Amino acid sequence: MKYSLRQVEVFLATAHFENISRAADSLAMSQSAASSALKEFERQFDIQLFDRAGKKLLLNEFGRLIQPRAEELLERARELQTLLAAQVNPDQAPGGSLKVGATLSIGNYLVSGFIARYMAENPGTHISLEVANTAKIAEMVSHFDLDVGLIEGEIHHSDLDISRWREDDLVVFCAPDHPYGKLASLSEEHLLAAAWILREQGSGTRQAFDRAMHGLLPKMNILMELQHTEAIKRTVEAGLGIGCLSEITLTDAFRRGSLVPLATPGKNFHRYLYTVVHKQKYRSTGLRRWLAICNQTA
C-alpha cells in the first residue's frame, strides 16, 4: 500500500480546517511534517486534492470525491484499533469519538440525556457537541465536520440522509400579566396586533412559525429576532411582547408560572424533528448506537 493512515488524517484535517497549519496543530504535528505528508500523498498518485484561495486550501472536485471514502477508511481503522486495544487491556481500551450537532432547542433541552446514556454504555467515549441553527448543522454534516445532526427544520439536500425522528409542537406564549394572558384564545386580530419576539431566519423554529402564520406574516409586527431560546423567554417575561417556541423549551416556565401558553385556534404548529447523516458517511458501531438511542427516546 502506497499511502499511510497518517497521510489520510492530514488530508481530512486539511479539508476540515482549510489550512495546513491548523490541520497540523489538530494532529499534534509540525507544519512541515503535515505539509510533507500531504505533498507525498498527492505525489504518489500524481493528483491534486486542493485549490489555493489566498491562505485557504479548498477541496477540488477530486478531493471532494475521495473525502467520504477517506472518512470511512479512518473510521474503520479506529474501530479496529478499539477492538485490538480491548483484547490487550479491556479496562483501558479507547472508547472512540462522536461529533454530534444539534439545533438550539434539542441541544439545550434534550441531547444531554442522550449523551449521558451513550457514555454510560460506552465508557471512555469522547463526544463533542456543536449547537447551532438548522442551516448551520446541515452544512456541517454535509462537509463531514459532524457525524450526525439533530435538527428542527425541514431541509432538502441531495447529499444528506434526513429521517423523521420525533414529533414536536410550537406554543405561543406570553407573560402572565400581559393583556393576552387572560384570553381564552387568540384571534387573527390579536396575532396581528401583538409585538412578536421570535427566533431568527434559518432556524427550524422560525421555519415552522412562518409556515403556520402563512398569509399573516407580511402584516405581523415582528419586534425582535433572537438566536437563543432563553433570551426570547426572558424578553417575553419582561412584557415586551409574545413569543413562539418549542413546547420542550417551555415546560419548566409554564410549571413555574413565569410564562403562560396561549391558544391559537386554526394555526397548525405541529412539526417533526429530524436526524441528519451524510449519505456517504460510514455508519460506525458508535454512530448506529447513537441513532438507536435517539429513536428509542422518541
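Summary of values
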| item | result |
| --- | --- |
| Residue list for segment 146-156, restricted to those being buried (at least 16 other Cβ atoms within 10 Å of the Cβ) and part of a loop (DSSP other than H, G, I, E, B) | L146, D147, E152, G153, I155 |
| Qualifying residue in segment 206-215 (condition: modelled with pLDDT of 95 or more and among the polar types (S, T, N, Q)) | no |
| The listed residue being touching a strand residue (DSSP E or B) at 6+ places or on another chain (Cβ under 6 Å), aliphatic (A, V, I, L, M) and closer than 17 Å to Y274 by Cβ, out of L146, L57 | L146 |
| Out of T235, T251, sole residue that is of a type in the set (S, T, N, Q) and out of contact with any strand residue (DSSP E or B) (no Cβ under 9 Å at 6 or more places or on another chain) | T251 |
| Residue under evaluation G202, criteria (1) in the same structural domain as V236 (by TED's automatic domain parsing); (2) under 28 Å from H16 (Cα atoms); (3) touching a Leu at 6+ places or on another chain (Cβ under 8 Å); (4) of a type outside the set (S, T, N, Q), criterion not met | (3) |
| Filter pass, G181 being of a type in the set (G, A, S), more than 21 Å from the chain's Cα centre (by Cα), assigned to a helix (DSSP H, G or I) and more than 30 Å from K279 (Cβ to Cβ) | yes |
| Complete set of residues in segment 206-227 that are in a helix (DSSP H, G or I) and not acidic (D, E) | R206, Q207, A208, F209, R211, A212, L217, P218, K219 |
| Any hit, segment 270-277, residues being surrounded by 16 or more Cβ atoms within 10 Å (Cβ to Cβ), polar (S, T, N, Q) and outside any helix (DSSP H, G or I) | yes |
| Condition met for T205 (buried (at least 21 other Cβ atoms within 10 Å of the Cβ) and either β-branched (V, I, T) or farther than 23 Å from I127 by Cβ (or both)) | yes |
| Enumeration of residues in segment 113-142 that are in a loop (DSSP other than H, G, I, E, B), in contact with a strand residue (DSSP E or B) (Cβ under 9 Å, 6 or more places away or on another chain) and free of Cβ contacts under 8 Å to residues at least 60 places away in the same chain | A132 |
| Pick from segment 187-205, criterion touching a helix residue (DSSP H, G or I) at 6+ places or on another chain (Cβ under 9 Å) and in a helix (DSSP H, G or I), ranking: farthest from A135 (Cα to Cα) | H190 |
| Whichever residue in segment 219-232 is within 17 Å of F254 (Cβ to Cβ) and in contact with a strand residue (DSSP E or B) (Cβ under 9 Å, 6 or more places away or on another chain) and, among such residues, is surrounded by the fewest Cβ atoms within 10 Å (Cβ to Cβ) | T229 |
| For E230: the one exception among (1) part of a helix (DSSP H, G or I); (2) in contact with a helix residue (DSSP H, G or I) (Cβ under 6 Å, 6 or more places away or on another chain) | (2) |
| Enumeration of residues in segment 169-185 that are in contact with a Lys or Arg (Cβ under 9 Å, 6 or more places away or on another chain) and surrounded by 20 or more Cβ atoms within 10 Å (Cβ to Cβ) | L170, V172, F173 |
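The values are calculated or read from the model by the stated rules, or taken from the named source; none is laboratory data. Keep in mind that what you see is a predicted model, and the values were worked out from it rather than measured. Positions of Cβ are generated from backbone atoms using ideal geometry, with glycine treated the same way; all protein chains shown enter the neighbour counts.
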